[in-house]
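K.L.:
Okay, here's the structure, questions in a sec.
Rule-based calculations on the coordinates, nothing more; no lab input. The structure presented is a predicted model; accordingly, all values stated were derived computationally and were not measured. Cβ sites come from the backbone with ideal geometry, for glycine too, and all protein chains shown count toward neighbours.
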Amino acid sequence: MIYPRYQRMEIRGSGTSVPTLVAGIKKTIFFAYSTKYVSENLQAVRNKIVVFNDVAANESDWKLVENAGACAILLRAAVSFSIYSIFERAGGYSGKPAVNIPVAYVTNEDVDLMGRLITSGKMSSCTALIIFFRSHEVSYFPGGKVRLCINLQQILTNSVSRNVVGELEGMEKSDEIVIISGHADTWDLSQGAQDDGIGLMLSYEVSKVLQKLQLVPKRTIRTVFWTGDEFGVFGAKHYVKRNQAELPKISSALIADAGCFKPSGFTFGGTVEYGCIISEILKLLKNGINATVQRSAFKELASDTDPFFHKGIPVAIMDGDTKKNKYYFYHHTPADTMSVVNSRKLDKCLALYATTAYVIADMKNMMPKVI
Ligand SMILES: [Zn+2]
């Protein structure tokens with residue numbers, strides 16, 4: 001389902017790099033975790049594209065791998081804060097190529113991705129990276145007009161997609177359900193790590209954590225990965241339409257779809273009483289997380305919870321960056337990658353999500369319906 005993986009990368013040639021052939025270069029990667037790692041494994045760079053992870057790698061390191069038979073070099077962007085920031089500079093100030101193999105910069109996120117794939121063994125020695133670029137590209141037109149050419153084509157058509165559902169079956173009232181969810185689609189520009197990969201993983205991990213703790217609530221906890229959220233909440237709408245008879249048995253629907261930050265609580269849609277119950281649950285985590293709850297000022301919460309809310313089911317969205325200051329650094333952009341997911345904050349999100357889902361599923365009564 002997830003391999004082979006195709007990843008478009010931003011790439012810029014170093015200012016003095018020699019060009020590739022017109023057809024580009026297609027070779028396997030040698031991932032240089034550090035310059036020390038390169039010197040200890042120099043025989044392995046032959047006929048490979050060397051990806052330097054260390055931003056301090058300099059021209060003498062380039063020469064070293066060139067002499068050992070490397071066919072191109074990719075470098076980490078030298079930026080202090082990257083939101084998929086692409087970068088370029090000359091290799092030295094001589095105006096001449098520092099080495100006679102192509103040298104280019106890629107974003108820190110893509111270097112991190114390649115490092116993770118190679119470390120986890122997902123990127124094997126037969127994996128190829130294709131690069132091609134030309135040096136001396138003209139980008140300056142003195143006295144000329146600015147001209148723009150746009151060519152947009154509709155190349156995608158509708159196709160069948162499905163929600164993914166899993167359950168931790170309740171002990172006493174297994175026909176009553178608490179939904180925990182995230183959405184499985186994202187916009188094409190981004191990898192969708194924050195929107196909404198973490199929502200999927202949190203929803204998946206809730207049941208695993210509860211199983212590990214040997215906690216089985218009275219009601220069933222149903223994990224759902226919604227499809228088609230971004231284009232129109234299609235998966236959740238379809239679910240509600242197809243499962244009308246089951247709706248009275250859904251106690252509450254939760255979603256994590258607001259990025260990975262230190263969790264601040266929930267925005268909920270439902271009665272004041274429902275808000276009070278969630279607020280009491282959050283008090284259980286006062287020392288570790290100190291989260292709060294707020295009622296949505298809008299009739300719609302703008303996510304996969306909406307179709308449930310309109311059927312009278314109380315819903316809640318986990319919050320982090322409430323003012324969305326930082327979320328919109330990344331949201332729906334190429335910057336939404338694994339590099340902006342902080343594992344400590346993710347752990348806290350999981351603690352909040354799992355506790356809330358468990359307590360709602362284990363309470364004596366179902367949550368009060370929206371009036
Ligand atoms: Zn989303």
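K.L.:
I'd like to know how the chain sits against the 2.2 N^0.38 Å rule of thumb: what's its Cα Rg over that expected value?
P.N.:
The chain yields a ratio of 1.21.
K.L.:
Between K96, K348, K249, where does the largest GNM mean-square fluctuation fall for the chain, given springs only between Cα atoms within less than 10 Å?
P.N.:
Between K96, K348, K249, it is K96 that shows the largest mean-square fluctuation.
K.L.:
Something else: HN-Hα J couplings of the stretch 362-369 from phi, Karplus 6.51/-1.76/1.60, θ = phi - 60°, integer Hz, Gly and Pro as x?
P.N.:
For the stretch 362-369, the Karplus-derived couplings read 9, 5, 5, 10, 6, 5, x, 5 Hz, x marking Gly and Pro.
K.L.:
Could you work out the helix-only [θ] at 222 nm for the chain, with each DSSP H run of four or more residues adding -39,500 (n - 2.57) and the total divided by the number of residues, to the nearest 500 deg cm²/dmol? List each step's numbers first, then the result.
P.N.:
Working: 10 runs with 95 residues, N = 371.
Mean residue ellipticity at 222 nm (helix-derived): -7500 deg cm²/dmol.
K.L.:
What are the ³J(HN,Hα) couplings of the stretch 269-278, residue after residue, when phi is run through the Karplus curve with 6.51, -1.76, 1.60 and θ = phi - 60°? Round to Hz, x for glycine and proline.
P.N.:
x, x, 6, 4, 4, 4, x, 5, 5, 5
K.L.:
With everything on Cα atoms, drop me the angle between helix 198-212 and the longest principal axis of the chain, reported from 0 to 90° to the nearest 10.
P.N.:
Approximately 60 degrees, to the nearest ten.
K.L.:
Taking 8 Å as the Cα distance limit and 6 or more residues as the minimum spacing, I'd like the relative contact order of the chain as a percentage.
P.N.:
17
K.L.:
May I ask for the Kirkwood hydrodynamic radius of the stretch 11-131, worked out over all distinct Cα pairs and given in angstroms to one decimal? Could you put the intermediate results ahead of the total?
P.N.:
On the way: mean 1/r = 0.0699 Å⁻¹.
So the Kirkwood estimate lands at 14.3 Å.
K.L.:
Simple spin-label model, 7 Å along Cα-to-Cβ: K218 to K364 in nm?
P.N.:
Going by the 7 Å Cα→Cβ label model, 0.8 nm.
K.L.:
If the label point is 7 Å along Cα→Cβ of R116, which residues in the stretch 66-89 have backbone nitrogen under 14 Å from it?
P.N.:
84
K.L.:
Taking only Cα atoms, what is the 0 to 90° angle, nearest 10, from helix 108-119's long axis to the longest principal axis of the chain?
P.N.:
The angle comes out near 80 degrees.
K.L.:
Oh, and also: Show the residues, 5+ positions off or on another chain, whose built amide H is closer than 5 Å to the amide H of T107.
P.N.:
Placed amide hydrogens put E10 under 5 Å from T107.
K.L.:
Additional query: Among K208/K237; K208/K326; K283/K348; K249/K286; K173/K208; K249/K364, which pairs are too far apart, with a Cα-Cα distance over 25 Å? Walk me through the numbers before you get to the answer.
P.N.:
Values: K208/K237 27 Å; K208/K326 29 Å; K283/K348 14 Å; K249/K286 30 Å; K173/K208 20 Å; K249/K364 14 Å.
The pairs that break the limit, which is 25 Å between Cα atoms, are K208/K237; K208/K326; K249/K286.
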